[in-house]
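**Student:** For reference, the structure I am asking about is given below.
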Amino acid sequence: MNLVEILKFTEEYLKKYSFSKPRLEAEKLVSYVLNLDRIALYIHYERELLDDEKTSIKQYLKKMTEENKNFDELKGENKNFKEENLDIFNKSVDYLKKNGVPNPLLDTEYIFSDVLKVSRNTLKYSMSREIKEEDKDKIREMLVLRAKKRKPLQYILGEWEFYGLPFRVSEGVLIPRADTELLVEQCIQLMRDVEEANILDIGTGSGAISISIANELKSSSVTGIDINEKALKLANENKTLNKIKNVTFIESNLFTKLDKDFKYDLIVSNPPYISKEEYETLMPEVKNHEPQNALTDLGDGLHFYKEISKLAGEYLKDTGYLAFEIGYNQAKDVSKILQDNNFAILSIVKDYGGNDRVVIAKKAIKAENFEGIEEEEDVNLSE
């Protein structure tokens with residue numbers, strides 16, 4: 001039963017026992033059990049209730065009819081904790097702010113929503129119920145981790161959204177970034193009209209790229225590879241979490257474990273591209289908690305573009321594409337690496353901040369393959 005059906009059932013039940021204002025009583029009871037303000041009930045009218053929530057409502061109804069008490073009488077004129085809870089919330093924001101945490105309000109919203117088990121969008125409607133002491137303790141622990149340890153919010157929560165899907169995250173595996181959604185979007189567009197596309201994701205990490213593409217392209221077959229066993233374990237957990245069937249994760253150092261006879265329509269990668277110098281300037285959340293080898297090659301940031309571009313042609317179909325996420329200042333260098341390895345640059349895509357973020361390339365066809373042409377030159381098939 002969804003929320004509207006439960007409200008109707010509760011109202012009819014109380015009306016049957018001649019309660020005054022049965023609709024109001026039903027709203028008070030259901031909003032209390034669901035930890036929502038009464039007004040928020042109609043925002044979530046399609047929400048399906050959990051079994052324990054339905055059981056709790058039935059128990060209150062039974063007690064109200066047996067004792068002939070309205071809901072406020074039964075609960076002893078419930079105290080409204082909204083003012084107290086908002087004070088706790090605001091002090092939490094101030095605490096993060098004083099400790100130099102970026103976006104303290106947003107992080108506080110995420111922490112409270114996670115502990116109180118409500119969506120961030122409806123958090124303000126869920127502040128009238130008492131926050132249990134054990135939940136206050138959880139909030140304090142999470143705030144300290146965020147403020148004093150500067151642990152990334154994503155690791156604290158243990159889950160983060162990417163391309164509209166939930167992904168489990170844990171230390172030792174790179175946190176999926178919003179910028180990478182642009183890479184996924186470009187790959188989906190490239191493969192949208194390819195029947196049963198074969199796609200390879202190099203350095204899959206949590207599986208965010210592989211799973212997001214596979215979810216959008218149901219007929220495709222996606223392979224995600226990584227050298228990190230912990231990352232592969234997490235990627236498989238995320239595959240199960242999102243109920244994705246058309247993706248496989250295998251351990252491989254770049255192309256070493258792949259079959260050269262099998263050709264892909266697309267190879268995609270978000271490799272470690274931060275230079276050693278830039279790595280030293282990163283925020284403590286990133287530098288002190290996320291895996292170094294997923295962020296930097298401890299060189300100029302171009303090592304993996306060179307290694308992947310050098311061999312990618314052997315694993316791509318003649319019509320195949322290679323798509324990279326890049327650093328904001330790497331478009332020129334990465335483009336040259338690709339061209340030196342017989343790839344034609346199709347596009348360089350900017351992110352929402354106006355920075356170069358994605359390079360799309362395609363295997364170039366040598367002109368000597370065409371009858372009557374003696375000189376060798378690259379032909380850009382996009383023209």
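**Student:** What do you reckon, is V222 in contact with a helix residue (DSSP H, G or I) (Cβ under 7 Å, 6 or more places away or on another chain), farther than 17 Å from Y305 by Cβ and modelled with pLDDT of 95 or more? So that I can check it myself, show each step before the final result.
**Tutor:** Details: in contact with a helix residue (DSSP H, G or I) (Cβ under 7 Å, 6 or more places away or on another chain): yes; farther than 17 Å from Y305 by Cβ: yes; modelled with pLDDT of 95 or more: yes.
Yes, satisfied.
**Student:** Would you list the helices (runs of 4 or more DSSP H) that sit entirely within region 76-152 and hold 1 or more residues that are over 30 Å from L174 (Cβ atoms), modelled with pLDDT under 95 and not assigned by TED's automatic domain parsing to the domain that holds K63?
**Tutor:** Values: elements: 82-98, 104-116, 133-147.
Those helices (runs of 4 or more DSSP H) span 82-98, 133-147.
**Student:** Next question, about the same structure. For region 176-189, what are the residues that are touching a Leu at 6+ places or on another chain (Cβ under 9 Å) and crowded, with 23+ Cβ neighbours inside 10 Å? Before you say what the answer is, go through the steps one by one.
**Tutor:** The first filter runs over region 176-189 and keeps only residues touching a Leu at 6+ places or on another chain (Cβ under 9 Å), leaving 187-188.
Across region 176-189, the qualifying residue is only C187.
**Student:** Hey, another quick one. Within region 157-175, take every residue that is crowded, with 19+ Cβ neighbours inside 10 Å and hydrophobic (A, V, I, L, M, F, W, C) and give me the one that is nearest to R120 (Cα to Cα).
**Tutor:** W160
**Student:** Within region 218-232, track down each residue that is part of a loop (DSSP other than H, G, I, E, B) and closer than 20 Å to P271 by Cβ.
**Tutor:** Going through region 218-232, the residues part of a loop (DSSP other than H, G, I, E, B) turn out to be 218-220, 227-228.
Result: I227, N228.
**Student:** For residues that are β-branched (V, I, T) and at pLDDT below 80, tally how many sit in region 32-66.
**Tutor:** First, pick out the residues of region 32-66 that are β-branched (V, I, T): 33, 39, 43, 55, 57, 65.
Filter once more, keeping what is at pLDDT below 80: 39, 43.
Of the residues in region 32-66, 2 are β-branched (V, I, T) and at pLDDT below 80.
Yes/no matrix, rows are residues, columns are (1) farther than 21 Å from I131 by Cβ; (2) touching a residue at least 24 places away in the same chain (Cβ under 8 Å); (3) in contact with a helix residue (DSSP H, G or I) (Cβ under 9 Å, 6 or more places away or on another chain); (4) aromatic (F, W, Y):
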residue	(1), (2), (3), (4)
K62	yes, no, no, no
E66	yes, no, no, no
K75	no, yes, yes, no
F81	no, yes, no, yes
D87	no, no, no, no
Y95	no, yes, yes, yes
N99	yes, yes, yes, no
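**Student:** On the basis of being in a strand (DSSP E or B) and either buried (at least 23 other Cβ atoms within 10 Å of the Cβ) or not hydrophobic (A, V, I, L, M, F, W, C) (or both), does T204 make the cut? Steps first, please.
**Tutor:** Values: in a strand (DSSP E or B): no; either buried (at least 23 other Cβ atoms within 10 Å of the Cβ) or not hydrophobic (A, V, I, L, M, F, W, C) (or both): yes.
In short, no.
**Student:** Tell me which residues, restricted to region 298-345, are buried (at least 21 other Cβ atoms within 10 Å of the Cβ) and in a loop (DSSP other than H, G, I, E, B).
**Tutor:** G301, I326, Q330
**Student:** Provide a single number: the residues in region 7-42 that are touching a residue at least 24 places away in the same chain (Cβ under 8 Å) and within 32 Å of the chain's Cα centre (by Cα).
**Tutor:** 10
**Student:** Within region 275-289, is even one residue of a type in the set (S, T, Y), under 20 Å from L182 (Cβ atoms) and part of a loop (DSSP other than H, G, I, E, B)?
**Tutor:** Of the residues in region 275-289, the ones of a type in the set (S, T, Y) are 275, 279, 281.
Checking the rest, the ones that are also under 20 Å from L182 (Cβ atoms) come to none.
No, that holds for no residue.
**Student:** In region 169-182, is there at least one residue being assigned to a helix (DSSP H, G or I), within 20 Å of N228 (Cβ to Cβ), β-branched (V, I, T) and not assigned by TED's automatic domain parsing to the domain that holds K91?
**Tutor:** yes
**Student:** Going by what's in this entry, would R146 be described as without any contact (Cβ under 8 Å) to a residue 60 or more places away in the chain, of a type outside the set (A, V, I, L, M, F, W, C) and buried (at least 20 other Cβ atoms within 10 Å of the Cβ)?
**Tutor:** For R146, the condition - without any contact (Cβ under 8 Å) to a residue 60 or more places away in the chain, of a type outside the set (A, V, I, L, M, F, W, C) and buried (at least 20 other Cβ atoms within 10 Å of the Cβ) - is met.
**Student:** What number goes with the only condition from (1) closer than 27 Å to R146 by Cα; (2) part of a helix (DSSP H, G or I) that N215 does not pass?
**Tutor:** With respect to (1) closer than 27 Å to R146 by Cα; (2) part of a helix (DSSP H, G or I), N215 is out only on (1).
The values are calculated or read from the model by the stated rules, or taken from the named source; none is laboratory data. Please read these numbers as outputs of a predicted model, since none were measured by experiment. Note: ideal-geometry Cβ built from the backbone for every residue, glycine included; neighbour counts use all protein chains shown.
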